[in-house]
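Trainee: I'd like to ask some things about the structure below.
The values are calculated or read from the model by the stated rules, or taken from the named source; none is laboratory data. The structure presented is a predicted model; accordingly, all values stated were derived computationally and were not measured. In this analysis, Cβ positions are derived from the backbone assuming ideal geometry, glycine residues included, and neighbour counts consider all displayed protein chains.
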Amino acid sequence: MVGAMDIEAHPAPGPARALLVDFGGVLTAPLGQAFGRLDAELGLARGTALSLFGTHEGARRALSEHEKGQLDDAGFEAAFGAALAEAGASFDGASVHGGAAGDRAGERGLLELLNEGLEIDEAMVAVVAEIRGAGVPVALVSNALGSTLYDGIDLAEIADSAVISAEIGVRKPSRQIYRVACERLGIAPEVALMVDDLQQNLDGAARIGIRGILHTDAAATIDELSRAFEIELSTTPVEHASTSHEGR
């Protein structure tokens, strides 16, 4: 019965009245950029590292467990490092270790290198702040990637609530993570809008009536947000440059 009701749910008419927003790939540079740096560091063809989460069972399982808080950073790095090695990665001479042998002096872990590549998109952060300043409740809905992903970022400044997959044991695109976000904001899913860079995550949200915007670049997303909330937004991507995520 619940599943049938979810499938039939539709957004409420009129403007959206609450914002759910992803972190990595929306409020930061694209995930592909960070994984591209990892490919280059390990001598892999561009796109190899990220593709392993869809093609390598060990990497896929490790990511799922890590995002749900069931596998710690070291365990994830060991499993992902093994998958990278099978794909032909060379850790000899690289500034990042594969995880299986543990930390080595002067080398970074895989998660550290990835998170360094996730530069903050200041325009997207600014527009979320502008929408929130207009009285729209905001929830960050994020699949965790490493315990330091949000270091140096005041999540309370970004959103009214931060729903992190590793903290609640559920990850996108499960409908439950969106329900938690809506419950924390005190709103019905049908009045919410989700911004994410993955269509599968928007599809999960849509099953409980949440409308969505597929994020590809700041300019297009800001334009769509302005229309969805019927708010004249002043933020423009030109005004804001991305900043390094290193140390964050």
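Trainee: Counting just the residues of the stretch 196-214 that are among the hydrophobic types (A, V, I, L, M, F, W, C) and within 15 Å of the chain's Cα centre (by Cα), which one comes out surrounded by the most Cβ atoms within 10 Å (Cβ to Cβ)? I'd like the intermediate steps shown before the answer.
Mentor: Start the filter on the stretch 196-214 by keeping residues that are among the hydrophobic types (A, V, I, L, M, F, W, C), which leaves 198, 202, 205-206, 208, 210, 213-214.
Within this subset, residues satisfying the condition of being within 15 Å of the chain's Cα centre (by Cα) are 198, 202, 205, 213-214.
Working: Leu198: 17, Leu202: 21, Ala205: 26, Ile213: 22, Leu214: 15.
Among them, the one singled out is Ala205.
Trainee: Residue check: is Glu130 surrounded by fewer than 20 Cβ atoms within 10 Å (Cβ to Cβ) and assigned to a helix (DSSP H, G or I)?
Mentor: Considered against the rule, which asks whether it is surrounded by fewer than 20 Cβ atoms within 10 Å (Cβ to Cβ) and assigned to a helix (DSSP H, G or I), Glu130 comes out as yes.
Trainee: Mind listing whichever residues of the stretch 139-180 are under 22 Å from Leu63 (Cα atoms), of a type in the set (Asp, Glu) and modelled with pLDDT of 95 or more?
Mentor: Once the filter is applied, which keeps residues that are under 22 Å from Leu63 (Cα atoms), of a type in the set (Asp, Glu) and modelled with pLDDT of 95 or more, the stretch 139-180 yields only Glu167.
Trainee: Also: Taking the conditions exactly as written (buried (at least 22 other Cβ atoms within 10 Å of the Cβ) and either modelled with pLDDT under 95 or not in a loop (DSSP other than H, G, I, E, B) (or both)), does Leu111 satisfy them or not?
Mentor: Numbers: buried (at least 22 other Cβ atoms within 10 Å of the Cβ): no; either modelled with pLDDT under 95 or not in a loop (DSSP other than H, G, I, E, B) (or both): yes.
No; evaluated as a whole, the condition is false for this residue.
Trainee: Also: In the stretch 175-198, what residues are farther than 17 Å from Gly24 by Cβ and free of Cβ contacts under 8 Å to residues at least 60 places away in the same chain?
Mentor: Once the filter is applied, which keeps residues that are farther than 17 Å from Gly24 by Cβ and free of Cβ contacts under 8 Å to residues at least 60 places away in the same chain, the stretch 175-198 yields Gln176, Arg179, Val180, Glu183, Arg184, Gly186.
Trainee: With respect to Thr216, is the statement that it is modelled with pLDDT under 95 and among the β-branched types (Val, Ile, Thr) true?
Mentor: Numbers: modelled with pLDDT under 95: no; among the β-branched types (Val, Ile, Thr): yes.
When the stated conditions are applied, Thr216 does not pass them.
Trainee: Now for a different question. Would you tally the residues in the stretch 148-190 being over 15 Å from the mean Cα position of the chain (by Cα), assigned to a loop (DSSP other than H, G, I, E, B) and over 21 Å from Arg132 (Cβ atoms)?
Mentor: The qualifying residues number 1.
Trainee: With respect to Leu193, is the statement that it is of a type in the set (A, V, I, L, M, F, W, C), at pLDDT 95 or above and not in a helix (DSSP H, G or I) true?
Mentor: Numbers: of a type in the set (A, V, I, L, M, F, W, C): yes; at pLDDT 95 or above: yes; not in a helix (DSSP H, G or I): yes.
Answer is yes for this residue.
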